[in-house]
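Below: the structure, in structure tokens.
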Amino acid sequence: MTFQQRLILLVTGLVLLAVAAVTVAMAWTTHAALTERIEAEARQAAGMLARGAAQARDIPQEVDALLSERLLSEATLTAHLVALAEAAKLPPRTINDRLKQIAESGGPDEMWITDNRGRAYLHNQPGPDPTFGQDAKGGPRHGAYAGLLNRSPASLASEPAMEGGRLMKFAGVAGVDRPRIVQVGAEVRRLGDIVRKSGTDGLIDGLLADRSVEAAWLLDRDGRVLARGAVVGDAGGGPLSDADTAAAKAAAVGGEAALRVAGDGLLAFAPVSYAANSAAAASQAGVPAVAVVRLPYGEPGAMLGRQLKIGGLVGVFVLALGIYACIRFARDQMAPVERLGEAVKAVEAGRFNPFTLNEAADRDDEFGRLSRVFRRMAMEATAREETLDAQLVMRGAELETKSEKLAAAEQLIEEEQRAARDVQSNLLPRQLPVGRDSQFYGVLLPGDTVSGDFYDVIELDERRSLLVTAGVSGGGVPAAFLMLMVRGAIRETARAGVGAGLGPAAILTGANERLCGESPFNGFATAFVAIYDRVSGTLVHAAAGHRGACRVTAEGGVEFLSAAGGPALGVRRGAPYGEATVVLNQDESLFLCTDGVLRSIDGQRDAFGEERLAATLAASRGMSARDRAELVLRTVHAHTQSGGVIAGDLVCLVLRRLLPVSETAEAV
């Protein structure tokens, strides 16, 4: 198959595929949008009908409750009014006249006040005085209100009932000044009007008014139709099928809205949710429990068919037009492509003639520019090949020279690291103090790059020793020289103050002043300094931004001692330093380490930290100073074993007291 044929098939196929994809996408999007809109309208219509059905039951009850509250309030006011009138010794006729005036000016329609035996001797209605509890069927005198005489209950409101051709509602309260019944009543014919206007038939008629809903039903929990309506005749709102009724029951029980396709229509089911005070009635027969609406569902399918037909016609037309355009285009464009093909073969064979592309290079289009570029590239390629070998030889020589320089630089770095390690190891104390009262042990494990951490123990006199652990910033030779300055500053300050009785805080202050004034580096150092009295077991200590100092009790308790002190050395001239004092009893230890122990991380970038250090020291109960230090180092290496990193030098210095204070004093 020639390139021309492939080009025609490719272009026409892509055009046809694009038309088909656009047609299907538009048709499917339109179908989905219409379906989603109809389903949303169905859910909304069913929800509106369900909420309306719930309100049709709840609104009259709420109105009745409000009316009961009003009547009880009026009864209470009437009770207080009568009590005040009788306290003012007004005669019953005057009180009755006043009650009639209240009723005529907008108060309760009926008011009845009894004595302590239930006889209604005060009222605004003509006729004899009835007795409550004896004539329960006559007028407002209901037997249920007789309990108000002994305040059992203290108030009562009855349901609306027909009396004398009127729909009446009564409420009563107990007397406020003495045992009596105070009852008021009002005509509530407007409550019946509300019930009729908010009924289910009115709801369905309003829903069908805009003709977007074909039919609507209200069913109880047993699937019985309580109300229905349809746009055209009774057939549209006829009986639901068994499957539709089962779906309505499931929606009523499950309490969730649902959709169901039935023929060319869409049914939406929405449960009727009642307020808390009437929710129990929803399970009764004859109470609407689910609303069902039916909407036409044939429009999405019809729209999809129309879109596909239009897309098919457009596709046939575009396909024919594309085939014709591809043939014309391929014929016009193939000539320079063939010339370029011949030129490529000539370049490969080493016999390229630039004049063979003159005709193609004269074209003022992409193929003409491509021909001109190819001709220029072919002519330059020969010249470049001649210089390529010479450039490769020169690059090889340069690479060899750079490799030699890199090896020399690496060797110089290794020598500097070796020198820094020698300086660091030579500055450590050759021998630690010995004696049966205390036990000392120190260890330093240098990191890959020398960090400048160190420890030191200086015997100030026969009973006092100076313990130091310090770490400096940076690495390599600068860190080693900074370590020299820190160690020298602490040693000279301590020895100069032996007679003056300088404490750790004064030693750190002097070292900080010297480091701030004489250090040629911009680095800083952290340090922990402690003066240990071998006789009394007293340990006076101070820290300069240093962590990892712990007091380990004989029972395995761990107390961190890094709180007393001040900032790191060499940071700020004149910085104050505080100090604190603890006593080491028998089998208690002082453990010191540098930041390399605390900052070593595991594969999840989690640092070793003070919590793991405290747990390790607590587990070293009863161990010697050496075993305790080695246990900590083994734990740090285990923490960093799976992809972790040791954070520089690891320094540990351990002091363990062996004898009680009294025995030590005698030994000295």
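The values are calculated or read from the model by the stated rules, or taken from the named source; none is laboratory data. Since this is a predicted model, take the numbers as computed values, not measurements. No Cβ is skipped: glycine too gets one built from the backbone with ideal geometry, and neighbour counts run over all protein chains shown. Quick note on the areas: whole protein, heavy atoms, side chains included, nothing else; ligands and nucleic acids left out. Shrake-Rupley method; radii C 1.70, N 1.55, O 1.52, S 1.80 Å.
Of note:
- Under 5 Å from the amide H of Tyr297 lie the amide H atoms of Gly265, Leu266, each residue being 5 or more positions distant or on a separate chain, with H modelled from the backbone and absent for Pro and chain starts.
- Area of Glu359 that stays accessible when all protein chains are in place (1.4 Å probe, Å², to 10): 140 Å²
- Close amide-amide hydrogen proximity is noted between Thr594 and Val651, each under 5 Å apart and 5 or more residues distant or on a separate chain (H modeled in the peptide plane; Pro and chain starts excluded).
- For the range 543-549, the Karplus equation 6.51 cos²θ - 1.76 cosθ + 1.60, evaluated at θ = phi - 60°, returns couplings of 10, 10, x, 10, 10, x, 9 Hz by residue, with Gly and Pro reported as x.
- In Å², nearest 10: area of Leu653 left accessible to a 1.4 Å probe: 0 Å²
- Here the spin labels are modelled as points 7 Å beyond Cα on the Cα-Cβ line, and at Arg166 and Arg70 they lie 1.5 nm apart.
- The local environment of Gly648, defined by Cβ-Cβ distances under 9 Å, has a net charge of -3 under the rule Lys, Arg +1 and Asp, Glu -1.
- Here the range 539-666 exposes an accessible surface that is 48 percent carbon and sulfur, computed with a 1.4 Å probe and the other protein chains kept in place.
- Spacing of the two label points (7 Å from each Cα toward its C-beta) at Ala615 and His80, in nm: 7.2 nm
- Kirkwood-based Rg to Rh ratio, the range 582-645, C-alpha trace: 1.02
- Among the protein heavy atoms of the range 24-74, carbon and sulfur supply 61% of the accessible surface, probe 1.4 Å, non-protein parts ignored.
- Shape analysis of the range 434-588 places it in the prolate category; the axes a ≥ b ≥ c from the Cα gyration tensor give an a/c of at least 1.5, with a/b above b/c.
- Nearest-0.05 FRET efficiency for Ala40 and Gln61, computed from C-beta distance (R0 30 Å): 0.40
- Coupling constants for the range 246-257 follow from the phi torsions by the Karplus curve (6.51 cos²θ - 1.76 cosθ + 1.60, θ = phi - 60°), and in residue order they are 5, 5, 5, 4, 4, 5, 5, 6, x, x, 10, 5 Hz; glycine and proline get x.
- If the chain linking Met377 and Val344 were pulled fully straight, counting 0.36 nm for each residue of separation and taking away their Cα-Cα distance, it would gain 10.8 nm.
- Surface accessible to a 1.4 Å probe, per residue, for the residues of the range 534-668, Å²: 42 Å²
- Converting phi to 3J(HN,Hα) with the Karplus coefficients 6.51, -1.76 and 1.60 and the offset θ = phi - 60°, the range 368-377 yields x, 5, 5, 5, 5, 5, 4, 4, 5, 5 Hz in sequence order, with x at every glycine or proline.
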